[in-house]
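Q: Here it is: the structure, laid out below.
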Amino acid sequence: MENKSPWPLALKFGLILALSNIALTMLFYLINPDSADGKWSLIGVIQLLISIIASIFIMLIAGKTRRDQEMDGIMSYGQSLGFMLITALPAALIISFFTYLFFTYINPEIFQKILDTQAEELTKAGKSDEEIEMTLNMVKKFSNPLMMTVFGALGTMFQMLVYALIASIFVKKEPKTFE
């Protein structure tokens, strides 16, 4: 068995994974521009489910391709998980860069919507003006394109870890031993 580097295949499938997620995000944003405001809706749930299924499917294909073409059809659960995490890394970086562009150029008004929604909820909860102002200042610190990008990258890697844990169950193939 040749010991090939996993990076070329991981980069290829990482790019596919990132582009599919970006395409889904943009498609659903065009269908419903309010879908990016963080409120749960039917279209948001549909987008989430399609994104999860597509991501797991792409990771499955990536893992099976690595197993069958580069590892002689044998791959442990740990090897599969490791490869899928290597695949997820470039995907998370690309998605994070897209997130920054999305919040900076495509939908920068989302931050004002977040602040307005937060202020409305605090007012309904009966908070004083000082408490509302203090809370909104804290929200402003974390509601900017850079912070959303950083937290988005971490969140994407965590999501991909969960997807990789699931997909690796189906990709692993231990060598057959004869007793």
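Just so you know, all these numbers are worked out from the coordinates, no wet-lab data involved. Source: prediction; values computed, not measured. Neighbour counts are summed over all protein chains in view; Cβ atoms, including those assigned to glycine, are modelled from backbone coordinates with ideal geometry.
Q: Most exposed first by the Cβ proxy, i.e. fewest other Cβ within 10 Å, how do Ile61, Ile22 rank?
A: Ile61, Ile22
Q: How do Leu9, Leu42, Leu101 line up, fewest other C-beta atoms within 10 Å first?
A: The order, fewest Cβ neighbours first, is Leu42, Leu101, Leu9.
Q: I would also like to ask the following. ³J(HN,Hα) across segment 160-172 via Karplus (A = 6.51, B = -1.76, C = 1.60, θ = phi - 60°), whole Hz, x for Gly/Pro?
A: 5, 4, 4, 4, 5, 4, 6, 5, 5, 4, 8, 8, 4
Q: To continue, here is another question. Please find, in a Gaussian network model of the chain (springs between Cα atoms separated by less than 10 Å), the residue of Ala23, Ala88, Ala164 whose mean-square fluctuation is greatest.
A: Ala23
Q: Residue-wise, which Karplus ³J(HN,Hα) couplings in Hz belong to segment 72-81, taking 6.51 cos²θ - 1.76 cosθ + 1.60, θ = phi - 60°, and x for glycine or proline?
A: Values, residue by residue: 6, x, 10, 8, 6, 4, x, 5, 5, 4 Hz.
Q: Quick check on segment 91-179: take the gyration tensor over C-alpha atoms, sort the square-rooted eigenvalues as a ≥ b ≥ c, and tell me if it's rounded (a/c under 1.5), prolate or oblate.
A: prolate
Q: Which ³J(HN,Hα) values in Hz, rounded to whole numbers, follow from the phi angles of segment 139-156 under the Karplus curve 6.51 cos²θ - 1.76 cosθ + 1.60, where θ = phi - 60° and Gly and Pro get x?
A: In residue order, the calculated couplings are 4, 4, 5, 9, 9, 9, x, 5, 5, 5, 5, 4, 5, x, 5, 5, x, 5 Hz.
Q: Right, another one. Taking the chain as a Gaussian network, Cα atoms linked when under 10 Å apart, which of Ile31, Ile114, Ile16 shows the biggest mean-square fluctuation?
A: Ile31
Q: What's the longest piece of the chain with no exposed chymotrypsin sites (Phe, Trp or Tyr not before Pro), counting a site as exposed if DSSP puts it in a loop and it has at most 10 other beta carbons within 10 Å?
A: Excluding the exposed sites themselves, the longest stretch runs over 41-177.
Q: Using modelled backbone amide H atoms (1.01 Å from N, in-plane), which distant-in-sequence or interchain residues come within less than 5 Å of Lys173's amide H?
A: Here the answer is Met75, Ser76, since their amide H atoms fall under 5 Å of that of Lys173.
Q: Please state the shape class of segment 32-116: rounded when a/c is under 1.5, otherwise prolate if a/b exceeds b/c and oblate if not, all from the C-alpha gyration tensor.
A: Prolate shape, in that a/c is at least 1.5 and a/b is the bigger ratio.
Q: If you don't mind, there's one more thing I want to ask. Modelling each spin label as a point 7 Å along the Cα-to-Cβ direction, I'd like the Thr117/Leu146 distance in nm, to one decimal.
A: 2.4
Q: So for segment 1-78, what percent of the C-alpha to C-alpha distances run longer than 18 Å?
A: In whole percent, the long-distance tail amounts to 52.
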